[in-house]
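Report on the structure given below.
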Amino acid sequence: MRTDTPQTIYRKDYTAPSYLVDTVELGFDLDPARTVVANRMTVRRNPASAQREIELYGEDIELVTLRLNGRTLGEGDYVIEGTLLRIPNAPEEATLEIETICVPESNTTLSGLYTSNGSFYTQCEAEGFRRITYFPDRPDVMARFTVMLRADKDKYPVLLSNGNLIEEGDLDNGRHYALWEDPFKKPSYLFALVAARLVCQEENFELADGRTALLQVWVEEGNLDKTDYAMQSLKHSIRWDEERWNLELDLDRFMIVAVGDFNMGAMENKGLNIFNTKFVLANPRVATDVDFQGIEAVVGHEYFHNWTGNRVTCRDWFQLSLKEGLTVFRDQEFSADMIGTNTGRAVTRIDQVRTLRQAQFPEDAGPMAHPVRPDSFVEINNFYTVTVYEKGAEVVRMYQTLLGRDGFRKGMDLYFQRHDEQAVTCDDFRLAMADANGRDLTQFERWYSQAGTPVVQAETRWDEQAQTYTLRLVQSCPPTPGQAEKLPFHIPVAIGLLGRDGRDLPLTVDGKVHGKDGATTAVLELTEADQTFVFTGVTEQPTPSILRDFSAPVILKHGYSDAELVHLFSHDSDPVNRWEAGQRLAMSRLLKLAGQVAAAGNVVDRLDLDDTFVDAMRKILVDDTLDPSFREQALLLPTESMIADQLDVVDPLAIHLARQFVRADIGARLRTELLAQYDANQTPGEYSPDAESIGKRALKNLALAYLNAAPDEASLALAQKQFDGATNMTDRVAALSALVHARAPAAADALQRFYDEFQGEALVVDKWFAMQAAAPTTDVARVRELMTHKAFTLRNPNRARSLVSTFCAGNAVGFHAPDGSGYGFWAEQVIALDALNPQVASRLARAMDRWRRYTPDLQAHMKRALQQVAGQAKLSNDVREVVSKALAN
Ligand code: TRP
Ligand code: ZN
């Protein structure tokens, strides 16, 4: 907690580390109230640095002794300024011995060494290792680690760290020890230890080269019935990395540990991944389909980091997307390959597009907008963002789109060949891609350096005489903080042309014949601000399907008529653009209706939804040739925040009412069809989280939600029946949520029964809080009431997020109450959380990012709340950066 002005750190100021560390030996005497850490490291001057002082970082730890080559250093021998400890006049090579003390039990930040439910865990990325010992805690210092753990054997029977277990045994006083050695050099952010009372599911798994590795999933007792899916996902991940990228597990042992108090999803510590329980624990009784999918993705993600992040790591934190964008891309491809079918892949792609529009586009248009490779930051923890992760993944995907799958694979191979065991930059990755393919990717660099979502405007003209079809693409990018002007991006635009019969036309563009092997999609390379492409031999007026498979993270504008959109929605061979056509149809209605509602003073009166739209929806709904998973996506309306993103002045209530009207109207007008699909998509028998069953449940439960958007006795009874008879959590929460959102009289009773049945399952209690927090009937008073529930605590991130963050970021109606009460609540909670856990507080703080877009009355209230937080004398750098950027002009 700082009171001084936070410092901005710039990418351009990067300098090489003054000293390198070869080996580190750590000794831990673990005690919740007073842990003693002994650190012996061998260091040597870095020939690449002009700086001659040893520089170590330390934070919130008590320095007991500091010895250099056996000599204890005194006051005059070193300087401590803030978190930096400098030792001037150091020799070329030295052994440093440092003893420090920390207090894990009072570490509520969950960064560094902390306790959760009485056991010890660590979280070191990005800069948590300095909260454990003094160290050159930066990712370009890679060292070999040996770790000795000592702790009470009764309380902490399991002692884990990175790499291989070398030795273990008993000590005096009921204590025991374990010695671990990591054979690979690594940056300090990948260090981890666990000392806990845990049990594991384990298995020997054969690797491609015939070696076997010991795989373990560690959880608290009582949760061993929820580890199967994580273990299975881990095995699939290992296999997939071998098969698709020829990358093998490089350790004899790979461990996953689940912990209930955790700031994010999971952490890729070498050989010892530590996970939020949310991304490990699952069985049909407690976890939904979405939970199962999340586990597969996150287990994959962390495992894939072993190569993209650990073996090749980041030079500095500005390069974060080097590992995160690439690893998200890899986990996306993994999830898609696990489904295997074309539509299945497309549905995962549609999900990715939704995430971008829901979260990344708004970020890119707000006060925290930053390039995929930021130029500056105050607090690096604020830059684990959807831009660095998801847009970063889109940037990686664009290489694959431009170079082809084989070309991309060549680039990956060259990247590992060049940079294994190095700490490198995004430029190094781009150069590997360019060199492996003999391509100039200079302009492509702008995807890393320019923030903001590019807009591509498309104009088309068919010349009947010449049988040409001309596509003009004009790109621009709005200004973002610190970047007024943007240069043109290198944008892959995948395109196909549909004939009147709905089939793809053959493609010849600028003299080049595309569509070899029957492919009818061309990838155009848009590099100019204004560029024209000419298709020849076009014998009829086509309907253009532009940006197929969402080939670039841009906003595509084109003056599509309703008829064209209905044509695409009915026929496009590219499922992503087929879905997209439906989204465009829906969005135009939603925007118009939201305007009408606002003009009428937020009264829903005489609204009308046209037959064209309802018929298009009906056609997709009943088309049994389409996968249920695709139909579900096609019928999902854009979210309230996606609608808000299209408007200059946002009236959240008007948007909500308009969207609810559309949902209710669909529910009423398609009642027969929805009921039929509800019945047709039942999944009787044993629960299985396979793609087909997940798709059926999704469509069935969407039907239930639509039916209850215009509830009648029958639809309510259906929801109640599903709630009572559900044999899995997916169906149970879908039914409960339908009852809650329909304001059913039975909802309160159902909520109570749900709580009673699952109160012993923390992750289900989170769902229980979140569902109520998101209900449009929930206002601040109700949230405050829920906060007094015995199961609520701000100290557990999952719980705090489930209630407080869900309300502030996922309940527009309650949060944006006209009296500003939601914002007052937000300020209060940000301040309270900041005193405990700045990372969690800072994420909540971002709920106000887009405050300038709201109606003047709301804006005034929001500004006051932001100023209230900014006016706090004591505030973390994390929250300070977010609120001051929000308030800056
Ligand atoms: N590197 C982790 C991942 O991508 C995420 C991470 C970064 C993290 N910082 C963290 C997790 C702090 C927990 C706490 O999966
Ligand atoms: Zn990651």
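Rounded to the nearest Hz, the phi-derived 3J(HN,Hα) couplings of region 80-87 under the Karplus curve 6.51 cos²θ - 1.76 cosθ + 1.60 (θ = phi - 60°) are 10, 10, x, 8, 9, 10, 10, 10, where x marks glycine and proline. Relative protection proxy for 41-51, 336-346, from highest mean packing down: 336-346, 41-51 (other beta-carbon atoms within 10 angstrom).
In order along region 804-813, phi translates into HN-Hα couplings of 6, 5, 4, 5, 6, 10, x, 9, 4, 5 Hz, rounded to whole numbers, per the Karplus curve 6.51 cos²θ - 1.76 cosθ + 1.60 with θ = phi - 60° and x for Gly and Pro. Between the amide H of Tyr560 and any residue lying 5 or more places away or on another chain, no distance stays under 5 Å, with hydrogens modeled in the peptide plane.
Packing-based ranking of 256-266, 431-441, 396-406 yields 256-266, 396-406, 431-441, ordered from highest to lowest mean Cβ neighbour count within 10 Å. If you take every residue apart from Asp849 with its C-beta less than 10 Å away from the C-beta of Asp849, what net charge results, scoring Lys and Arg +1 and Asp and Glu -1? Once positives and negatives cancel, what remains is +4.
For Ala266, the amide hydrogen comes within under 5 Å of the amide hydrogens of Asn276, counting only partners 5 or more places away or on other chains and with H modelled in the peptide plane.
Our summary of shape: the Cα atoms of region 313-449 have principal axis extents of 39, 36, 27 Å, ordered from largest down, in whole angstrom.
Residue-wise HN-Hα couplings along region 346-356, as the Karplus relation 6.51 cos²θ - 1.76 cosθ + 1.60 with θ = phi - 60° gives them from phi, are 4, 5, 5, 5, 4, 4, 5, 5, 4, 4, 4 Hz; Gly and Pro carry x.
The alpha carbons of region 283-338 stretch over 44, 21, 16 Å along the principal axes, in descending order. Amide H contacts of Asp137 (H built 1.01 Å from N, in plane; Pro and chain starts excluded): Tyr57 sit under 5 Å, all sequence-distant by 5 or more or on other chains. Mean sequence separation of contacting Cα pairs (under 8 Å, at least six apart), scaled by the length of the chain, corresponds to a relative contact order of 9 percent. Measuring only protein heavy atoms, the 1.4 Å probe finds Lys863 accessible over about 90 Å². Express the carbon and sulfur contribution to the solvent-accessible surface of region 394-504 as a percent, rounded to the nearest whole number, probe 1.4 angstrom. That share works out to 43 percent. When both region 533-603 and region 376-423 are represented by their alpha-carbon centers, they are found 30 Å apart. Relative to the longest principal axis of the Cα atoms of the chain, the long axis of helix 877-887 lies at roughly 30 degrees. Highest mean first, the peptides 789-800, 746-757, 364-375 sorted by other C-beta atoms within 10 Å per residue fall in the order 364-375, 789-800, 746-757. On full extension, the segment bounded by Glu202 and Arg175 gains 7.2 nm, given 0.36 nm per residue less the C-alpha separation.
All other residues with a Cβ under 10 Å from the Cβ of Ala791 taken together, and with Lys, Arg as +1 and Asp, Glu as -1, what is their net charge? Once all neighbours under 10 Å are counted, the net charge is +1. Element breakdown for region 759-889 at a 1.4 angstrom probe: carbon and sulfur atoms account for 53% of the accessible area. Among the protein heavy atoms of region 150-236, carbon and sulfur supply 42% of the accessible surface, probe 1.4 Å, non-protein parts ignored. For the chain, the solvent-accessible area works out to 38 Å² per residue, with a probe of 1.4 Å and every protein chain left in place.
Once Rg and the Kirkwood radius are both taken over the C-alpha atoms of region 759-889, their ratio Rg/Rh works out to 0.96. Rounded to the nearest 10 degrees, the angle from helix 821-836 to the longest Cα principal axis of the chain is 20 degrees.
A simple count of charges around Gln319, restricted to other residues whose Cβ falls under 10 Å of its Cβ and scoring Lys, Arg +1 and Asp, Glu -1, yields -1. Across all Cα pairs in region 1-99, the calculated P(r) in 10 Å bins from zero up to the longest distance comes to 13, 42, 33, 13, 0 percent per bin. Both numbers refer to the Cα atoms of region 455-552; Rg and Dmax are 14.7, 49 Å. Relative contact order for region 455-552: 37 percent, from Cα pairs under 8 Å spaced at least 6 residues apart, divided by residue count.
What angle do you read, to the nearest 10 degrees and between 0 and 90, between the alpha-carbon axis of helix 856-870 and the longest principal axis of the chain? Approximately 10 degrees, to the nearest 10.
Here the ratio of the Cα radius of gyration of the chain to 2.2 N^0.38 Å is 0.96.
The values are calculated or read from the model by the stated rules, or taken from the named source; none is laboratory data. From a predicted model like this one, the values you see are computed outputs, not experimental measurements. Positions of Cβ are generated from backbone atoms using ideal geometry, with glycine treated the same way; all protein chains shown enter the neighbour counts. Side chains are part of the model used for accessible areas, which takes the heavy atoms of the whole protein and leaves out ligands, DNA and RNA. Shrake-Rupley method; radii C 1.70, N 1.55, O 1.52, S 1.80 Å.
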